[in-house]
Amino acid sequence: MLSREEVPEIMTPAHVKEVLGIGRRQTYELIGDAPFPVVKVGKLYKISKQSFFKWLDEGQG
């Protein structure tokens, strides 16, 4: 699993998967109805490290 320091400022679904230790399907289900901002650029999803970890630190609610 990746540590917070290893994650780039703009994350991909692969980074989310590694940080949370979940599977690919679970990752895309989370991103599909994300409680944090997700930007889709073409076919690529981009997630702000700051907003993701803010959500994670606040208890994943």
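Would you please name the residue that is farthest from Val19 (Cα to Cα), looking only at residues in the range 31-45 that are outside any loop (DSSP other than H, G, I, E, B) and free of Cβ contacts under 8 Å to residues at least 24 places away in the same chain?
Per the stated criteria, the residue is Val41.
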Tally the residues that are without any contact (Cβ under 8 Å) to a residue 12 or more places away in the chain and open to solvent by 90 Å² or more (accessible area, probe 1.4 Å), restricting the search to the range 46-61. 2
Does the range 13-21 contain at least one residue that is surrounded by fewer than 12 Cβ atoms within 10 Å (Cβ to Cβ), among the acidic types (Asp, Glu) and within 12 Å of the chain's Cα centre (by Cα)? no
Quick one: what pairs do we get from the range 3-30, first residue touching a residue at least 40 places away in the same chain (Cβ under 8 Å), second of a type in the set (Phe, Trp, Tyr), C-beta under 9 Å, 6+ apart or different chains? Arg4/Phe53; Val7/Phe52; Val7/Phe53; Met11/Tyr45; Met11/Phe52
Which one of the conditions (1) surrounded by 10 or more Cβ atoms within 10 Å (Cβ to Cβ); (2) part of a loop (DSSP other than H, G, I, E, B); (3) among the hydrophobic types (A, V, I, L, M, F, W, C) does Met1 fail to meet, given that it meets all the rest? (1)
Would you confirm, using the coordinates I've provided, whether Pro8 is at pLDDT below 95, in contact with a helix residue (DSSP H, G or I) (Cβ under 9 Å, 6 or more places away or on another chain) and surrounded by fewer than 15 Cβ atoms within 10 Å (Cβ to Cβ)? no
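The values are calculated or read from the model by the stated rules, or taken from the named source; none is laboratory data. Nothing here was measured: the structure is a model prediction, and the numbers come from that model. Virtual Cβ from ideal backbone geometry, glycine too; neighbours counted across all protein chains shown. Keep in mind that these areas ignore ligands, DNA and RNA; they rest on the heavy atoms of the full protein, side chains included. Shrake-Rupley method; radii C 1.70, N 1.55, O 1.52, S 1.80 Å.
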